[in-house]
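Inspection log for the structure reproduced underneath, given as structure tokens.
The values are calculated or read from the model by the stated rules, or taken from the named source; none is laboratory data. Please read these numbers as outputs of a predicted model, since none were measured by experiment. Here the Cβ positions follow ideal geometry from the backbone for every residue, glycine too, while neighbour counts run over all protein chains shown.
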Amino acid sequence: MPEYTAPIAARLAGFFSSRLAAEKPAAAAPAAPEKPALAPLAERKVFENPRRVPFAPEPVLVLGTWNDDGTPNAMTAAWGIQSGFARVHVFLSKHLTTENLARRRAFTLAYATPETMVGADYVGIVSGASVPDKVARAGFGAESSPRVDAPLFAAFPLSVECEVESLEPDGEEIVLVGRVKGVVADPSVLTDGQVDFGLLRPISFDGAGAAYRAYGDKIGAAFRAGATLK
């Protein structure tokens, strides 16, 4: 059983603990520190012709493919976006993964979480060409996807299955375009049958600080919050 799925006894213990806590008066939440007022535009720092753009959030996506010998491979990509209702773009450099993509024409994308952060970082800094068993070392638990010719990793609660629509060089990058064929979600990250990113808590890559950051709190309702200004 995956580590992120809590045993029934633990869930019941958490339920009764929350009921007991609810009967006690709630302690006042500490006041958030006030943010300083923004400086005039003329006084703000300008990064001219930056080599890296401080763009956020950048998802931490573990890209799964099959090697030529049938063993699973994984690499971590931060430059990935949804580019349509059922299409994704991922920007890569040349790797064993790009060779697998050209050969198998399929891949999976798994959302890294705080629980899988160490393994996701590991497969991003170690090449499968030099460490063929890196997926096993990361403890991902690879299984064949029934919908695309690529591995699913059981350690991740949410994965996207894709077929390669195109794989083309563009300057220093290789642009991967995938057509989504399926989404695989563990019950632990669903609310009313839909993916709940508050439960998943996907991590993001902080390129400015070379760090991983956890998913934040819900602060408003999309497509409704701005209606107050109408």
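The table for this structure:
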item: Single unsatisfied condition, I81 versus (1) in a strand (DSSP E or B); (2) at pLDDT 95 or above; result: (2)
item: Odd one out for D121, checked against (1) out of contact with any Pro (no Cβ under 9 Å at 6 or more places or on another chain); (2) of a type in the set (D, E); (3) over 19 Å from Y215 (Cβ atoms); result: (3)
item: First in region 60-75 and free of Cβ contacts under 8 Å to residues at least 12 places away in the same chain and among the small types (G, A, S), second anywhere and surrounded by fewer than 24 Cβ atoms within 10 Å (Cβ to Cβ) and in a loop (DSSP other than H, G, I, E, B), Cβ under 8 Å, 6 or more apart; result: none
item: So E143, is it surrounded by fewer than 18 Cβ atoms within 10 Å (Cβ to Cβ), free of Cβ contacts under 8 Å to residues at least 12 places away in the same chain and either of a type in the set (D, E, K, R) or assigned to a strand (DSSP E or B) (or both); result: yes
item: Condition check for I174: more than 13 Å from the chain's Cα centre (by Cα) and among the β-branched types (V, I, T); result: yes
item: Test: residue in region 187-194 that is in contact with a Pro (Cβ under 7 Å, 6 or more places away or on another chain), more than 30 Å from A102 (Cβ to Cβ) and β-branched (V, I, T); result: yes
item: Qualifying positions in region 62-107 - over 18 Å from G182 (Cα atoms), small (G, A, S) and surrounded by fewer than 20 Cβ atoms within 10 Å (Cβ to Cβ); result: G70, A78, S93, A102
item: Strands (runs of 3 or more DSSP E) wholly inside region 164-230 containing at least 2 residues that are in contact with an Asp or Glu (Cβ under 9 Å, 6 or more places away or on another chain), without any contact (Cβ under 8 Å) to a residue 40 or more places away in the chain and surrounded by 11 or more Cβ atoms within 10 Å (Cβ to Cβ); result: 173-185
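Conditions (1) free of Cβ contacts under 8 Å to residues at least 60 places away in the same chain; (2) among the acidic types (D, E); (3) in a strand (DSSP E or B), marked per residue:
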position	(1), (2), (3)
V88	no, no, yes
K94	no, no, no
T98	no, no, no
V118	yes, no, no
Y122	yes, no, no
S130	yes, no, no
